[in-house]
Structures are given as structure tokens and as C-alpha cells.
Amino acid sequence: MPLIQVHEVSVKFEQHLALQNVSLNLNRREIVTLIGPNGAGKSTLVRVILGLIKPYSGMVVRQNGIRIGYMPQKLHIDAVLPLTVARFLALSGVQQPEVLRNTLAEVGVKTELLKRPLQQISGGEMQRVLLARALLRAPDLLVLDEPIQGVDVNGQYELYELIAQIRTQRGCGILMVSHDLHLVMAATDSIICLNQQICCMGHPAAVSQHPAYLALFGARAARDLAFYSHHHAAEQELPVKKFENIIPIVPAENLPRVPR
Amino acid sequence: MDDFVWRALIGGVGVSLVIGPLGCFVVWRRMAYFGDTLSHSALLGIALGALLNVRPQVGIISVCILLALLLVGLQQQRQLASDTLLGILSHSALSLGLVTLTFIEGLRIDLTSYLFGDLLSITVQDLYWIYGGGGIALIGLLKIWKPLLSMTIHEELAKVEGVAVGWVRLVFMLLIALVIAVAMKIVGMLLITSMLIIPPATARYFAHTPEQMAWLASIIGSIAVTLGMVMSLHFDTPAGPSVVVAAVSLFTVALFWTVLRAGNR
Ligand SMILES: Nc1ncnc2c1ncn2[C@@H]1O[C@H](COP(=O)(O)OP(=O)(O)OP(=O)(O)O)[C@@H](O)[C@H]1O
Ligand SMILES: [Mg+2]
């Protein structure tokens, strides 16, 4: 049984339809990446899966008793709250110093960072600390909303490698949101291309050829994706799930031209 | 020293001990205006208490709780922002209280003592209220401390980790209502928010953890109450404002101390 089954979910904010008829499954040991433009409803879908907002129609079925680790898209803490990194991590409820030390080592956070105020650490350090907090709960499902934002280029590679490693070592399912189209491919098993509804989903290599993907991201992005797929995963033929009634939100001719 | 001085001291310190930690959350969660609104409803509570023939504290607590619940309900709609709602509730509660009081025949209350506090007239019964209500509030706050802190940092993260966010928020609001009712006698309804905010703000300059900030706020509040009372006795100044002046003086000292220390480095 999948960890999470999302069944024909729609989400409405007042008049605005943020998600329409979205269905997907998430399994253990599987990395699924959500991509899509700003405002596509990625964070909204994540929130529905986490049970933070109720869908307007459709339903989300969670496997009984699974633990979820969540890394939010942003965390802003006012300077008026004195909070060290250590204290922030302790709020996860995990107290054993050994578990803490191992998790920190796993995400590559130096223990010196523990004593620093949370407001003063860098963006990249923050992402790792947030990841550590999510991992401390020994999750069955890890949900990461834009985990590499604010991380330098080398760090991005490392983080994606780390995420892939977490999957193999811990065997948890991972759902992540990403904006970058080529780096993420190194780590993901399948891609869901979202723009209010699911435009296409499947293996990165297959998605990169899909007309809906091309309509949404343009030819340049497709080349990025194809480039990666060519090198890493194109050997096995993986099917892309076909959606009959795809409505590209932006007509292809209105997309910005890619300079040649 | 006279008995009334002792009672004032014991009562004032008692209130400070509770109001400090609770005030920290008011500061962290940016709820200063919420505190103001609740305290402004106190007059209405006193008026209703007189009408129903119950103690003023009972009236105040009831009205504060009702107002807190009303606000939670009103926040469900999205057209008006929280501070607009608070503004409406705050001033209508204050005015409604003043208007209702004039309708109650034969009621003679000393309005100034409710507006600005009457520290030096604390009775033994007031002390029971302060330590009973304050004790309950402190225990309640300890019980919700961790989940409340967690959701103050990131509400959705806390919820995913299993915090019953709605309940914790409700309990916290009720605790504020309770403490405001209890503290009314010390600094009065117009100045209560200052005791929720100034000691924690002062404590922030010295604290490295949330818990440190909480107990420092308790201590700083107690010192402010004591200094304010001494001032009130010596110069015959009104007690509530004197306490606030003392608190602000401590805050200023802390501020300068921090600035100077930073300059020396
Ligand atoms: N609480 C809310 N109330 C009203 N509208 C909302 C709410 N949350 C999201 N929306 C709207 O729903 C749409 C999808 O938002 P969402 O945050 O899911 O986008 P996203 O794909 O995560 O975008 P980004 O890449 O910028 O993070 C947006 O148009 C947004 O304005
Ligand atoms: Mg988002």
C-alpha cells in the first residue's frame, strides 16, 4: 500500500481554484519531485498531503500511523525570540544527544552551529538545520518544500546527493518541490509537472519530451532535462503517464522566445 | 512596615511572576494589541459583575473569556485584518463598559482605581485571587509551554509534528484573560499591557533561551513593582503609573547597557 494516496483533489481559495483534480501515489523508497511555475499550487498540494488544509473535493489517504518529516518553504523567526539552533532542534521532541549528533553529521551541520542563534545562521545552513529537524523524527515520509533555496551551487549538488542517500539509507518516501529543472533530476525517480492540475508525470526522461512540459517550461528547459536524462537514466525505457485532457495554461505561442 | 505595604508587595510580586512568562509569548507572538483589547473590556466585566451581583473579578474573567472566544470566531473571516477587529472590539468594549456603569444605580466605584490600579489597597482576599488565579495560569502555561513555543516558531511545522494548534491557542488566550483579570488591581486596565510587554522586552537584552527570558521577565517585573511601590509611598504618586515608570526605567538602563557594551567591543 502506498504511503500516501491523493485522490482527485481540488482546492479552492475563495473563488480561486488552486488545485484541480490532482491524483497521485507516494511509495516508500520513492523520490517524487513537484515542479511548476510560481503559484502553480505546489505548496498547496504539499499542505493538502500534510493535512494542513482540507481539499474542497477529493481525498487524501495516509497509511496508518506513518510519521511525516516536513521542511517548510520558509521559516522566519523574529529577533525578539532568543533561540539557538540546538533549542530549535530539541523542539522536535528528540532529546537523545546521540541521535542528534548522528543526524547533524548526516546533513553536514557542524556541532559548533548548535550554540548559534537561529536568526544568525546563513540561508544554506538554515536549510540543513530544517532538514535535520525533519529527519530527527525518523520519518516514513519526508516532505521538502524547495529544499535547495539559498544554497550555493556546490551545496545544491551535495543536498540532492544527500537526499538520494537518505532515501537509500532510511528507506523513506520523499516528496519534494523544486524550481530548478536539471539538478533535481539526479535525485528523483519521477517528476510531477503541476500547474493547477497535473500536466504530466513520469520518469524525468519521459517528462522532458512531453508536450505539456514543453508548453510550460519552453525548449531551453527541455534541453536541460534531456541533457541530464541522456547521461544518467535514459537507458531504461520508463513510461510516462498520459493525460487525455491536458490544457496548457499558457498557450505555447505566448511563451517567451528562447534566444538561439 | 504597615500591613497594607506587605500586602501590596506580596500581591505585586505574585502578579509579576506570572505576567512575565506569559508576556514573553505576547511579545513573541505579537499580541500586544490583543492584551490591550482584553483589558479594555474589564470595565464591562465590572459593570456586569455589579448587575449580576458577583465579584468584579468573576465579571472581568467572564467578559475577557467571551471576548477572546468572539475574536477567535471573527478571525475566521478574511475581509478584516486582526488589528482592525481588535480595534473595534477594544474601543467598543471600553465605551460599552463606561456607558453601562452610569446606568447602574447606587453603584459607587472608584473609576480611577480600575483605570490605573490601586496597588496599596490590596486586601487579603485579593491576595487569594492573585495567588489562586496566578497559580492556575502559571501551571497552565507550563503545560502548554513546549507546543506553544513550537507553534510560535512555525505553526504548520508544529501541526505536522502533532501539536493540537487550535486548542493550544485557545488555552493561551484564556490564560491571558485570567491573568489580566488577576492583575487589574496592580496597574489598572489602561496600563496592564505595559506589564505584559516591558519586562519581557527588558529581559530580551540578557536572555539566550526562551526560558531565560521568561524567568528574567518575572524578576524584572517584580523589581519594577517593588520600586514603583516605594516611589508611590514616598512621593504619593499613583501606584500603577509609578510601577510602569519603574519598569520603563529598567528597560532604558538595559537598552543603554546593551548599546554601550556593543560599542566597547
Ligand atoms: N491561504 C491562501 N489563501 C488564498 N490563496 C492562496 C492561499 N495559499 C495559496 N493561495 C494561492 O494559491 C495559488 C498556489 O499557491 P502555492 O503557494 O501553492 O504556489 P506554489 O506553486 O507553491 O508557488 P511558489 O513556487 O511561488 O512557492 C497561488 O495563486 C496563491 O496565491
Ligand atoms: Mg511554494
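One residue alone among A:Leu144, A:Leu130, A:Leu81, A:Leu75 is within 13 Å of chain B (Cβ to nearest Cβ), within 16 Å of ligand 1 (Cβ to nearest atom) and assigned to a loop (DSSP other than H, G, I, E, B), and that residue is A:Leu75.
Only one of A:Val60, A:Val22, A:Val48, A:Val9 is closer than 30 Å to A:Val94 by Cβ, assigned to a strand (DSSP E or B) and in the same structural domain as A:Val184 (by TED's automatic domain parsing); which?
On the way: A:Val22 fails: closer than 30 Å to A:Val94 by Cβ; A:Val48 fails: assigned to a strand (DSSP E or B); A:Val9 fails: closer than 30 Å to A:Val94 by Cβ.
Of A:Val60, A:Val22, A:Val48, A:Val9, the one residue that is closer than 30 Å to A:Val94 by Cβ, assigned to a strand (DSSP E or B) and in the same structural domain as A:Val184 (by TED's automatic domain parsing) is A:Val60.
In segment B:15-26, of all residues being touching a Leu at 6+ places or on another chain (Cβ under 8 Å) and either of a type in the set (Gly, Ala, Ser) or buried (at least 24 other Cβ atoms within 10 Å of the Cβ) (or both), the one that is farthest from B:Gly134 (Cα to Cα) corresponds to B:Gly23. Of A:Gln119, A:Gln63, A:Gln96, all but one fail to be within 12 Å of chain B (Cβ to nearest Cβ) and surrounded by fewer than 20 Cβ atoms within 10 Å (Cβ to Cβ); the exception is A:Gln119. Wholly within segment B:126-205, which helices (runs of 4 or more DSSP H) include no fewer than the required count, namely at least 3 residues that are more than 10 Å from chain A (Cβ to nearest Cβ) and closer than 23 Å to B:Leu67 by Cα? In segment B:126-205, B:165-187, B:192-204 are the helices (runs of 4 or more DSSP H) which contain 3 or more residues that are more than 10 Å from chain A (Cβ to nearest Cβ) and closer than 23 Å to B:Leu67 by Cα. Being open to solvent by 60 Å² or more (accessible area, probe 1.4 Å), touching a residue at least 24 places away in the same chain (Cβ under 8 Å), within 14 Å of another protein chain (Cβ to nearest Cβ) and in a helix (DSSP H, G or I) is a property that does not hold for B:Trp257. The condition (being without any contact (Cβ under 8 Å) to a residue 40 or more places away in the chain and either outside any loop (DSSP other than H, G, I, E, B) or buried (at least 21 other Cβ atoms within 10 Å of the Cβ) (or both)) is satisfied by just one residue among B:Leu48, B:Leu66: B:Leu66. Taking segment A:84-93 as the range and being buried (at least 17 other Cβ atoms within 10 Å of the Cβ) and at the interface with chain B (Cβ under 9 Å from one of its Cβ atoms) as the test, the residues that pass are A:Thr84, A:Arg87, A:Phe88, A:Leu91, A:Ser92. Being open to solvent by 10 Å² or more (accessible area, probe 1.4 Å) and of a type in the set (Phe, Trp, Tyr) is the filter here; which residues of segment B:172-217 pass it? B:Tyr205, B:Phe206, B:Trp215, listed by residue number.
Suppose the filter is over 15 Å from the mean Cα position of the chain (by Cα) and surrounded by 15 or more Cβ atoms within 10 Å (Cβ to Cβ); does A:Gly58 pass it? Lay out the reasoning, then the answer.
On the way: over 15 Å from the mean Cα position of the chain (by Cα): yes; surrounded by 15 or more Cβ atoms within 10 Å (Cβ to Cβ): yes.
In short, yes.
Within segment B:133-146, being open to solvent by less than 40 Å² (accessible area, probe 1.4 Å) and under 30 Å from A:Leu131 (Cβ atoms) holds for B:Ile144, B:Trp145. State whether the residues of segment B:98-105 include one that is surrounded by fewer than 16 Cβ atoms within 10 Å (Cβ to Cβ) and under 20 Å from the mean Cα position of the chain (by Cα). No, segment B:98-105 has no match at all. Do we find a residue being on the phi < 0 side of the Ramachandran plot and crowded, with 23+ Cβ neighbours inside 10 Å anywhere in segment B:1-10? So far as segment B:1-10 goes, yes, one or more of its residues are on the phi < 0 side of the Ramachandran plot and crowded, with 23+ Cβ neighbours inside 10 Å. Pull up segment B:185-212, narrow it to residues that are in contact with a Phe, Trp or Tyr (Cβ under 7 Å, 6 or more places away or on another chain) and under 20 Å from B:Leu111 (Cβ atoms), then point me to the one that is modelled with the lowest pLDDT. Within segment B:185-212, the match that is modelled with the lowest pLDDT is B:Leu190.
Looking at segment A:5-48, which of the residues that are basic (Lys, Arg) and touching a residue at least 60 places away in the same chain (Cβ under 8 Å) is surrounded by the fewest Cβ atoms within 10 Å (Cβ to Cβ)? Working first, answer last.
In the first step, residues of segment A:5-48 are kept if they are basic (Lys, Arg); the result is A:12, A:28-29, A:42, A:47.
Filter once more, keeping what is touching a residue at least 60 places away in the same chain (Cβ under 8 Å): A:28-29, A:42.
Values: A:Arg28: 17, A:Arg29: 13, A:Lys42: 25.
The residue in question is A:Arg29.
Among residues of segment A:65-75 being at pLDDT below 90 and of a type outside the set (Lys, Arg), the one that is farthest from the chain's Cα centre (by Cα) is A:Gly65.
Taking the listed residues A:Ile35, A:Ile53, the one that is farther than 26 Å from A:Tyr160 by Cβ and within 15 Å of ligand 2 (Cβ to nearest atom) is A:Ile53, with no other qualifying.
If you filter segment A:147-197 down to residues that are more than 15 Å from ligand 1 (Cβ to nearest atom) and under 30 Å from A:Leu17 (Cα atoms), you find that the one that is surrounded by the fewest Cβ atoms within 10 Å (Cβ to Cβ) is A:His182.
The values are calculated or read from the model by the stated rules, or taken from the named source; none is laboratory data. Here the structure is a predicted model, which means the values were calculated and not measured. All Cβ positions, even for glycine, are placed from backbone atoms using ideal geometry, and neighbour counts span all protein chains on display. Accessible surface areas use protein heavy atoms only, side chains included; no ligands, DNA or RNA. Shrake-Rupley method; radii C 1.70, N 1.55, O 1.52, S 1.80 Å.
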